[in-house]
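Scroll down for the structure; my scribbles are underneath it.
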Amino acid sequence: MSSALYNLAVMTVSGTPGTGTITLGSAATINGVTYLSFAAAGVPDGQPVYYSISDTGASEVGLGTYTASGTTLTRGAITSTNSNNAISASSAAIVRITPVTSQFREVLTAARTYYVRADGSDSNTGLVNSSGGAFLTIQKALNTVASIDMSTFQVTVSVQTGTYTGAIAFTNYLGTIPPILQGNTSTPTNVVINVTGNDAITADGSPLWVLQGFQVKTTTSGVVIHAKNGGKLNFNALDFAASADIHILDTSARPASPSQ
């Protein structure tokens, strides 16, 4: 994930965002200086940006994603005055695109588990196994792992009982121990990855991940597990259900076509 810096982008918020996704208001005026909205500063839709939030007695820096439709900013990879959790932003909060270097990462000092639940939300921190704490999608959890420095600690993405229909792309990461994407290793059929019209699980040039404890399948079309461009995956305790296409495809080392 990359980010860019857009000068003078400073905005108010709409409503009271709390700890969730921020709906941006208007360009802020501070000490007589009127700044630019994210759109006026040239931020494209879907752009990852380093942001800061300042509010009464609290502040937060993170790596989020700007969405032009609805004018929102998701929040993630957070360092804050609230024990590195999202601050509860009030209507007085000010949001800036901030000059943080691309090396900005939270560095772990202990093992960590992120949770995914069918009743979660991608605006949550992912750190609590509850509807108000867990992520909704597996991909959000994988992207969050990619945004931190795992150092020498194990990171596990724990996916709870349910069916998940979003395609999964394993990411690059910074750390010495391969992260684990885990469902239910005792009863894999309790945690289902079922993707329609696309490859379900892709390791495209990614370093080694561990995948375990899922029923995996595709509907209509799509490979179940597709490794390519040197992507690496260690998997176990999987239930391969009837699928639209082949279960495992490794095109990482496919030889080039002979010259004609």
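List of remarks:
- Enumeration of residues in the range 31-46 that are part of a strand (DSSP E or B), in contact with a strand residue (DSSP E or B) (Cβ under 7 Å, 6 or more places away or on another chain) and loosely packed, with under 12 Cβ neighbours inside 10 Å: THR34
- Residue count for the range 58-70, restricted to those that are under 18 Å from SER91 (Cα atoms) and either assigned to a strand (DSSP E or B) or in the same structural domain as ILE148 (by TED's automatic domain parsing) (or both): 4
- Under the condition of being in a loop (DSSP other than H, G, I, E, B) and either at pLDDT 95 or above or touching a Leu at 6+ places or on another chain (Cβ under 6 Å) (or both), the residues counted in the range 1-13 number 1.
- Residues satisfying the stated conditions in the range 82-100, i.e. exposed (fewer than 14 other Cβ atoms within 10 Å of the Cβ) and without any contact (Cβ under 8 Å) to a residue 24 or more places away in the chain: SER83
- Residue match in the range 199-209 (condition: over 23 Å from SER121 (Cα atoms), in contact with an Asp or Glu (Cβ under 9 Å, 6 or more places away or on another chain) and of a type in the set (S, T, N, Q)): no
- Qualifying residue in the range 103-113 (condition: of a type outside the set (A, V, I, L, M), closer than 30 Å to ASN31 by Cβ and either in the same structural domain as TYR164 (by TED's automatic domain parsing) or out of contact with any helix residue (DSSP H, G or I) (no Cβ under 6 Å at 6 or more places or on another chain) (or both)): yes
- Just one of the listed residues (PHE214, PHE235, PHE153) is part of a loop (DSSP other than H, G, I, E, B), touching a residue at least 12 places away in the same chain (Cβ under 8 Å) and among the aromatic types (Phe, Trp, Tyr), namely PHE153.
- Condition met for GLY20 (surrounded by fewer than 19 Cβ atoms within 10 Å (Cβ to Cβ), out of contact with any Gly (no Cβ under 9 Å at 6 or more places or on another chain) and in contact (Cβ under 8 Å) with a residue 12 or more places away in the chain): yes
- All positions within the range 47-57 that are touching a residue at least 40 places away in the same chain (Cβ under 8 Å) and in a strand (DSSP E or B): PRO48, VAL49, TYR50, TYR51, SER52, ILE53, SER54
The values are calculated or read from the model by the stated rules, or taken from the named source; none is laboratory data. Computed from a predicted model, the values in this text were never measured in an experiment. Glycine gets a Cβ as well: all are built from the backbone with ideal geometry, and neighbour counts include every protein chain shown.
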